[in-house]
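J.: Structure incoming, see below.
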Amino acid sequence: MEFLEQLDAEHRRKAADHWERLRQIPPDTGRFLALLAARAPQGKYLEIGTSGGYSGLWISLACRLLGRKLITFEIHEEKVRLARETFIKAGVSDIIEIIHCDARKLLRDYKGIAFCFLDAEKDVYESCYDILVPNMVPGGILVADNIISHKETLISFTQKVFNDKRVDALVIPIGSGELVCTIV
């Protein structure tokens, strides 16, 4: 865990130098994701919005424990490079595959999804959700970040999820707010 805390600080310093904002979850949210991912049923693990790779590291803890792999999507080339460096440095590049593209172009190809962390541009949440949910296994877990911090922007998405009979959902007030859905 100390390594993850050091990496968090390093990423935040790099973000100040290179990007307006490096989207990175706080450590509490990372621990929460690792706990959820470790309890997901058998199936594929996805992340939409890799950023610098910090959240992927937390999810990889569960993947390593369970003998699974994480596929993560990122559209920004410089963030893909940083994430690759992060995964190599952490020794998890063997269980994390980074795909450099808009996830929506490929998501339909992924069936049997057991776990997905959605932390991308907020305007893609609904379209990603619409593709993901039918491709998830019963008991699968979908976590969407920033539900509290971007409440106004995501209100339509959140209402859609709460009205969807295919999922049970609730908002967890940790970090920027996590919308956790399980497939019924």
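J.: Might you let me know whether segment 61-81 holds any residue that is surrounded by fewer than 19 Cβ atoms within 10 Å (Cβ to Cβ), among the charged types (D, E, K, R) and in a loop (DSSP other than H, G, I, E, B)?
T.: There is at least one residue in segment 61-81 that is surrounded by fewer than 19 Cβ atoms within 10 Å (Cβ to Cβ), among the charged types (D, E, K, R) and in a loop (DSSP other than H, G, I, E, B).
J.: May I ask you to list the residues in segment 150-184 that are touching a residue at least 40 places away in the same chain (Cβ under 8 Å), part of a strand (DSSP E or B) and among the hydrophobic types (A, V, I, L, M, F, W, C)? Walk me through it before giving the result.
T.: So in segment 150-184, the residues touching a residue at least 40 places away in the same chain (Cβ under 8 Å) come out as 172, 174-176, 178, 180-184.
Okay, now just the ones that are also part of a strand (DSSP E or B), so 172, 178, 180-183.
Within segment 150-184, Ile172, Val180, Cys181, Ile183 meet the criteria.
J.: Next question. State all residues of segment 65-97 that are among the charged types (D, E, K, R) and under 15 Å from the mean Cα position of the chain (by Cα); if no residue qualifies, say none.
T.: Lys69, Glu74, Lys79, Glu97, listed by residue number.
J.: Do we have Asp130 as charged (D, E, K, R) and not in a helix (DSSP H, G or I) here? Spell out the reasoning first.
T.: Numbers: charged (D, E, K, R): yes; not in a helix (DSSP H, G or I): no.
No, not satisfied.
J.: Assuming Val137 fulfils every condition listed in (1) in contact (Cβ under 8 Å) with a residue 24 or more places away in the chain; (2) in contact with a Leu (Cβ under 8 Å, 6 or more places away or on another chain) apart from one, which condition is it?
T.: (2)
J.: May I ask you to list the residues in segment 82-111 that are touching a helix residue (DSSP H, G or I) at 6+ places or on another chain (Cβ under 6 Å), in a helix (DSSP H, G or I) and among the small types (Gly, Ala, Ser)?
T.: Once the filter is applied, which keeps residues that are touching a helix residue (DSSP H, G or I) at 6+ places or on another chain (Cβ under 6 Å), in a helix (DSSP H, G or I) and among the small types (Gly, Ala, Ser), segment 82-111 yields only Ala90.
J.: Looking at segment 135-152, is at least one residue crowded, with 19+ Cβ neighbours inside 10 Å, modelled with pLDDT under 95 and of a type in the set (S, T, N, Q)?
T.: So in segment 135-152, the residues crowded, with 19+ Cβ neighbours inside 10 Å come out as 135-136, 140-147.
Still in the list and also modelled with pLDDT under 95: none.
No: zero hits.
J.: Just the residues that are on the phi > 0 side of the Ramachandran plot and either in a loop (DSSP other than H, G, I, E, B) or of a type in the set (A, V, I, L, M, F, W, C) (or both), please, taken from segment 133-149. Walk me through how you get there before you give the answer.
T.: Initial filter on segment 133-149 (on the phi > 0 side of the Ramachandran plot): 139, 146.
If the condition is that a residue be on the phi > 0 side of the Ramachandran plot and either in a loop (DSSP other than H, G, I, E, B) or of a type in the set (A, V, I, L, M, F, W, C) (or both), then Asn146 is the only one that fits.
The values are calculated or read from the model by the stated rules, or taken from the named source; none is laboratory data. As the structure is a prediction and not an experimental result, all values here were calculated from the model. Because the Cβ atoms are built from the backbone with ideal geometry, glycine has one as well, and the counts that use them run over all protein chains shown.
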